[in-house]
Amino acid sequence: MLEIINHTKQRINKNKISDTVELFLDTYKKTDFLVTLVLTGDQKIRTLNRRYRRLDKVTDILSIRQEEYMGNILGEIIINLKEVGRKHKYQDLLRELKSDKLVKNKQANFIFYFLLVHGLLHLSGYNDDSVSERREMISLGKNFMKKITKYGIIKL
């Protein structure tokens, strides 16, 4: 289940986002869980990054995993849509994922969904603190991006 809170004026496709989250939860056997997705900008995510990670800087995504006692709430993903639009910051990631050949207007879409999947992986217990953990998360993210493309949720 998904709750979306959009603090921006940017239009989003709630159905495709919801389909992505539902497919992820089904794939990872977490269908009874609730995920909250918050879409925001630079200032709000900087404040949250300072509060939760003690880092006073803008970031692209925060994942806040709930503890076991919270019942069926998996957690909250906060995505900075302004940062997603700064495609030049993701060129290394796009190359690593072999998605750097995407048409420029599809890159932001790819980045958004990749970050969403990355956040869902964090909520599911994956970390990217070490090089090997980062590689595993990128591989899982890449495979899931192929899956949502195959299911027609997004077109690349």
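The values are calculated or read from the model by the stated rules, or taken from the named source; none is laboratory data. Computed from a prediction, not measured in an experiment: that's the story for all the values here.
Just a few scattered comments:
- Residues that are within 15 Å of residue 122 (Cα to Cα), outside any strand (DSSP E or B) and of a type in the set (Asp, Glu), drawn from the range 62-95: 67, 68
- Hits in the range 104-124 (condition: farther than 18 Å from residue 60 by Cα and modelled with pLDDT of 90 or more): 124
- Residue list for the range 26-61, filter: among the β-branched types (Val, Ile, Thr) and not in a helix (DSSP H, G or I): 31, 35, 36, 38, 40, 58, 59, 61
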